Amino acid sequence: MDISVKYQPTEDEVTRAFTHGFKKQLTILYTVLVVALIGGAAYRFASGDPGMGIGALVAAVLSPLAGTWWLRRRARKMLAFLCVPTTVRVTDSGYECRTEESTTEMRWTMFSHVYPTPEFWLLYVNNQPAAFLPKAAFDTAQQAEIDAFLAARKISRSR
């Protein structure tokens, strides 16, 4: 396999890829945080400190919203580097993304798994999102070839 395409990701596309990539980690983080804050609020109410209890409940509601806002803000700061004309090359040994400013090359052996979504292949190293390949950059035949390749390597998983 040796597929090369020229592509320019959009800001919305990159933001969606980040959101999909970090979804599992954020869900776990927010669940633990909200449970801890609600537990803290219950303790404060039981110990006769309603002011701190109310504060903890407000924090339980606002923390997931603040976290999502922060992640989107971080993603927007990276958009200037990511939303540029890019040559994507996918081969049997790995993939490469080349722009005028940078080159990223990673071998398939680095990835612990790949989650295909309708829009992307999300690439993970040690269960952490490392990169994404936008399916829109590839035609239908190329997408099928990449899917078959990833399935044969047994690193492609569904969520």
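The values are calculated or read from the model by the stated rules, or taken from the named source; none is laboratory data. Note that this is a predicted model, so its numbers are computed, not measured. Note that we place each Cβ from the backbone using ideal geometry, even for glycine, and neighbour counts take in every protein chain shown. Just so you know, the surface numbers come from the protein's heavy atoms only, side chains and all, with ligands and any DNA or RNA stripped out. Shrake-Rupley method; radii C 1.70, N 1.55, O 1.52, S 1.80 Å.
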**OP:** Return the total of residues in segment 19-65 being touching a Leu at 6+ places or on another chain (Cβ under 7 Å) and among the aromatic types (Phe, Trp, Tyr).
**Re:** 1
Subject >> Pick from segment 81-103, criterion more than 14 Å from TYR7 (Cβ to Cβ) and in contact (Cβ under 8 Å) with a residue 24 or more places away in the chain, ranking: surrounded by the fewest Cβ atoms within 10 Å (Cβ to Cβ) >> reply: ASP92
Original post:
Can you tell me which residues in segment 111-150 are surrounded by fewer than 19 Cβ atoms within 10 Å (Cβ to Cβ) and in a loop (DSSP other than H, G, I, E, B)?
Top reply: SER112, THR117, PRO118, GLU119, ASN126, ASN127, ASP139
Subject >> Residues that are open to solvent by 70 Å² or more (accessible area, probe 1.4 Å) and either aliphatic (A, V, I, L, M) or in contact with a Ser or Thr (Cβ under 7 Å, 6 or more places away or on another chain) (or both), drawn from segment 58-71 >> reply: VAL58, VAL61, LEU62, LEU65
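Residue-by-condition table, conditions (1) under 14 Å from the mean Cα position of the chain (by Cα); (2) among the hydrophobic types (A, V, I, L, M, F, W, C); (3) closer than 23 Å to SER112 by Cα:
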site	(1), (2), (3)
MET1	no, yes, yes
HIS20	yes, no, yes
GLY39	no, no, no
TYR43	no, no, no
ALA46	no, yes, no
GLY55	no, no, no
ARG76	yes, no, no
Subject >> Flag if TYR7 is open to solvent by less than 70 Å² (accessible area, probe 1.4 Å), at pLDDT below 90 and over 19 Å from the mean Cα position of the chain (by Cα) >> reply: yes
Subject >> ASP2 at pLDDT 85 or above, of a type in the set (Asp, Glu) and exposed (fewer than 14 other Cβ atoms within 10 Å of the Cβ) >> reply: yes
Original post:
Which condition does HIS20 not pass, out of (1) in contact with a strand residue (DSSP E or B) (Cβ under 8 Å, 6 or more places away or on another chain); (2) of a type outside the set (A, V, I, L, M); (3) surrounded by fewer than 16 Cβ atoms within 10 Å (Cβ to Cβ), if it passes all the others?
Top reply: (3)
Subject >> Single residue of ARG44, ARG16 found to be among the charged types (D, E, K, R) and in contact (Cβ under 8 Å) with a residue 24 or more places away in the chain >> reply: ARG16
Original post:
Restricting segment 47-57 to residues that are closer than 18 Å to VAL32 by Cα and not aliphatic (A, V, I, L, M), which is surrounded by the fewest Cβ atoms within 10 Å (Cβ to Cβ)?
Top reply: GLY55
